[in-house]
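To keep things clear, I will list the structure first and then write my remarks on it.
The values are calculated or read from the model by the stated rules, or taken from the named source; none is laboratory data. Computed from a predicted model, the values in this text were never measured in an experiment. All Cβ positions, glycine included, derive from the backbone under ideal geometry; neighbour counts span all protein chains shown.
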Amino acid sequence: MLASQEGLQTAWNSPSHEPKFTKDLAPDLALPWVVRLRYGIVFGEAAIVLAMTYAFRLDLPLLGTLAPLAIVFCSNLLLHRTPNAFVRFPQRTLGAVFVLDTLCLSVMLAFTGGPANPFTLLYLVQITLSAVVLSRNWTWVLGLLSTVCFGLLFFFHLPLAAFQGHDHPGISPHLVGMWIAFIVAAGLITFFTGRVSDALRRREQEVLTLQEQIAKHERLASLATLAAGAAHELGTPLGTIAVVARELERYGSTLPNPDAVRDDAKLIRSEVERCRLILQRMSAKGAEPLGESARAVPVIDLLNEALGQFSEPQRSSVLMEIADPGLVTVLPVQAAVQSLVALLQNAMDANANGSRVVVKAFAAEGDISFSISDQGTGMSDAVLRRISEPFFTTKEPGRGMGLGTFLVRLFAERLGGCLSFESIQGKGTTATLKLPLNCSRPELRASV
């Protein structure tokens, strides 16, 4: 048995094949934000053009400046209304969008002073956005395109007197435009990069959590495979021992003094049964419903079935407190019973001087909670942090494998519940198993 436990622990600690996520998630996450950002740019730049025309009395060709904005707006409307048509190629879609925006910006600048226009600073916005969400090649393409377009503005542009110098007294429109351009560029870069970075961090955390869950399930599958192999290999000799013990008991009844032989035979059979139960727990029945469908069961029957797996002296040490004796829950019964048995066994093992184990069951906010309290020595903070780790146990060698609590926690999480512990050193520990009151709901079935 110890060899089997060492093999299981080796399987658990061995490195698993973690999934590799090779797809770049940045374009997928950035696409919705790009759509919103372009709407803001279109309306913002349109407002700036109208303000420069009517507030600063600048003679701007409205058709030449607003036509590129109309093209950007229409392309963004297409992107917004038919996102599924572009979601397959997010890199190319965003690259094409940034190229179009750079060209439209160049046309607007050509009609409003060319290189003297302070809003040439907006070229940096497209380059920055491409650096955040696109590949290095696309960033170089945007950088070269912006450089070429800026250079062409020196030769092809309509000069604007307001942007030619700062000689007249007061604050010139050119200085005001530089200030506004800086605010706009800084605001757009900060807003967009912040949003995309937050989304990437959240997605990265989700991927890490998924990797951890997959690794845990792979290790659990290895554990279950080894446990099934151990159960298969040990099942035949244990069965043989049970048969021989039964025959020995019958033979002893024919002897003049049969009590000693009969008691030894019963002890052998009880130990064989104990080995069978250990193998059953090793098979991870407490961790997975094993295809068992959820069904309705009274909570009091659930607890009685769990207590039925203990001896009479052990059952007499348990005090049950059920808030609603008629309470009915819907869950995988056998898996729930095995989980309660594991928690009850831990509480009985921790109890001192024949103290009572208190079991409470109550429902609140759509959940059913089982609270199991012992009056043992309690656990330190260091033990509490590791209590649900596989193969971690504070029991003496041979009395526990360190799997029970781990399997109960895994079973609870698969049903959308949780397992928590509270402990005070010198006073005892309380384990609380919280499960959905109705595990047959579709959203819960999907998570199991």
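Residues in the range 59-111 that are surrounded by fewer than 20 Cβ atoms within 10 Å (Cβ to Cβ), over 26 Å from residue 136 (Cβ atoms) and of a type outside the set (A, V, I, L, M, F, W, C): 59, 61, 64, 80, 81, 82, 84. Condition check: buried (at least 17 other Cβ atoms within 10 Å of the Cβ) and either modelled with pLDDT of 70 or more or within 27 Å of the chain's Cα centre (by Cα) (or both). Does residue 203 satisfy that? It is false that residue 203 is buried (at least 17 other Cβ atoms within 10 Å of the Cβ) and either modelled with pLDDT of 70 or more or within 27 Å of the chain's Cα centre (by Cα) (or both). Screening the range 281-302 for residues that are within 30 Å of the chain's Cα centre (by Cα) and loosely packed, with under 15 Cβ neighbours inside 10 Å and picking the one that is modelled with the highest pLDDT gives 296. Can we say residue 363 is in a helix (DSSP H, G or I) and touching a residue at least 40 places away in the same chain (Cβ under 8 Å)? It is false that residue 363 is in a helix (DSSP H, G or I) and touching a residue at least 40 places away in the same chain (Cβ under 8 Å).
I want to confirm something. Restricting to the range 317-353 and keeping residues that are in a strand (DSSP E or B) and in contact with a Lys or Arg (Cβ under 6 Å, 6 or more places away or on another chain), which single residue is nearest to residue 298 (Cα to Cα)? Step by step, filter the range 317-353, then rank; the result is 321. Annotation: residue 422 fulfils all but one of (1) assigned to a loop (DSSP other than H, G, I, E, B); (2) surrounded by fewer than 16 Cβ atoms within 10 Å (Cβ to Cβ); (3) modelled with pLDDT of 80 or more; the unmet one is (1).
Residues that are under 33 Å from the mean Cα position of the chain (by Cα) and either over 24 Å from residue 200 (Cα atoms) or β-branched (Val, Ile, Thr) (or both) within the range 133-155 comprise 133, 139, listed in sequence order. Of all residues in the range 112-149, those being without any contact (Cβ under 8 Å) to a residue 60 or more places away in the chain, closer than 24 Å to residue 47 by Cβ and surrounded by fewer than 17 Cβ atoms within 10 Å (Cβ to Cβ) number 1. If you check 94, 134, 142, 69 for being in the same structural domain as residue 32 (by TED's automatic domain parsing) and either within 30 Å of residue 56 (Cβ to Cβ) or at pLDDT 85 or above (or both), only one passes: 69.
Looking across 112, 147, one residue alone is in the same structural domain as residue 91 (by TED's automatic domain parsing), at pLDDT 80 or above and not in a helix (DSSP H, G or I). It is 112. Within the range 391-404, is there a residue that is at pLDDT 85 or above and either assigned to a loop (DSSP other than H, G, I, E, B) or surrounded by fewer than 18 Cβ atoms within 10 Å (Cβ to Cβ) (or both)? Checked the range 391-404: no residue is at pLDDT 85 or above and either assigned to a loop (DSSP other than H, G, I, E, B) or surrounded by fewer than 18 Cβ atoms within 10 Å (Cβ to Cβ) (or both).
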